[in-house]
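Everything below concerns the one structure shown next.
The values are calculated or read from the model by the stated rules, or taken from the named source; none is laboratory data. Here the structure is a predicted model, which is why all the values come from computation and not from measurement. Note that each Cβ is placed from the backbone with ideal geometry, even for glycine, and that neighbours are counted across all protein chains shown. Accessible surface areas use protein heavy atoms only, side chains included; no ligands, DNA or RNA. Shrake-Rupley method; radii C 1.70, N 1.55, O 1.52, S 1.80 Å.
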Amino acid sequence: MATYTLPELPYDYAALEPVINPQIIELHHDKHHAAYVKGANDTLEQLEEARDKEAWGAINGLQKNLAFHLSGHILHSIYWHNMTGDGGGEPLAADGVGDLADALTESFGSFAGFKSQLTKAAATTQGSGWGVLAYEPVSGRLIVEQVYDHQGNVGQGSVPVLVFDAWEHAFYLQYKNQKVDFIEAMWAVVNWQDVAKRYAAAKERADVLLLAP
């Protein structure tokens, strides 16, 4: 069975300056993200060994480790593509992302309301974590979620389309302890084209969540 692999960055280390400096991007991707990939693969091996030996004494810890590392891998894989040096502003119909813009207004009342909620959610996660814009397939609306320590306040079946990394390793070398400043700066590099594609894909897959026979 295939294991998880570290994806390549879609840009060079300096592409997101001045919002995120090259040193942070290099360490974040090559060290932190790589560690989540290794952690997920190692945990899968340990679970395979537990199945072979019928040794389940560590099952709770192994399941939590798998969730932690796999969430870290998936969220970071989205994170890199959610950003671009040519991003920022807000999604507009003139830029070909009108469906996303309309959905944000319908779900949050306005783009400003959405931006404020996601900013606060990312900045106030307990400990380390993420602020996430996700498509919720039961209601067909967009929601904001908090992911703390890669566990979190998330609705089952919701699909992340925009993620803000609020772990200290994402900003501390540049922003020190000013997490809010980093989150505010992040809006200048949001890749709305990528977010819109993820939103469209999530809507197309909405019927895979079977609520009743």
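General remarks:
- Length released on extending from Lys38 to Gln156, taking residue separation times 0.36 nm less the Cα-Cα span: 39.9 nm
- Summed over the residues of the chain and divided among them, the accessible surface reaches 52 Å² per residue at a probe radius of 1.4 Å.
- Where only DSSP H runs of four or more residues are counted, the chain gives -14500 deg cm²/dmol as its mean residue ellipticity at 222 nm, each run worth -39500 (n - 2.57).
- Alpha-carbon centroids, segment 12-28 and segment 90-110: separation in whole Å: 28
- Longest segment of the chain lacking GluC sites (Glu not before Pro) that sit in a DSSP loop with at most 15 other Cβ atoms within 10 Å: 55-213
- Using a simple spin-label model with pseudo-atoms 7 Å out from Cα toward Cβ, Asp86 and Lys64 lie 4.5 nm apart.
- Restraint check, Lys115/Lys197; Lys64/Lys115; Lys64/Lys203, Cα-Cα greater than 27 Å: Lys64/Lys115; Lys64/Lys203
- In this structure the amide hydrogen of Val161, modeled in the peptide plane, comes within under 5 Å of the amide hydrogens of Leu133, Ala134, Tyr135, none closer than 5 places in sequence on its chain.
- In units of the rule-of-thumb radius 2.2 N^0.38 Å, segment 5-114 shows an alpha carbon radius of gyration of 1.47.
- Contour minus Cα-Cα distance for Glu17 and Ser110 (0.36 nm per residue): 30.6 nm
- Length gained on full extension, Glu168 to Tyr148: 6.0 nm, using 0.36 nm per residue less the C-alpha separation.
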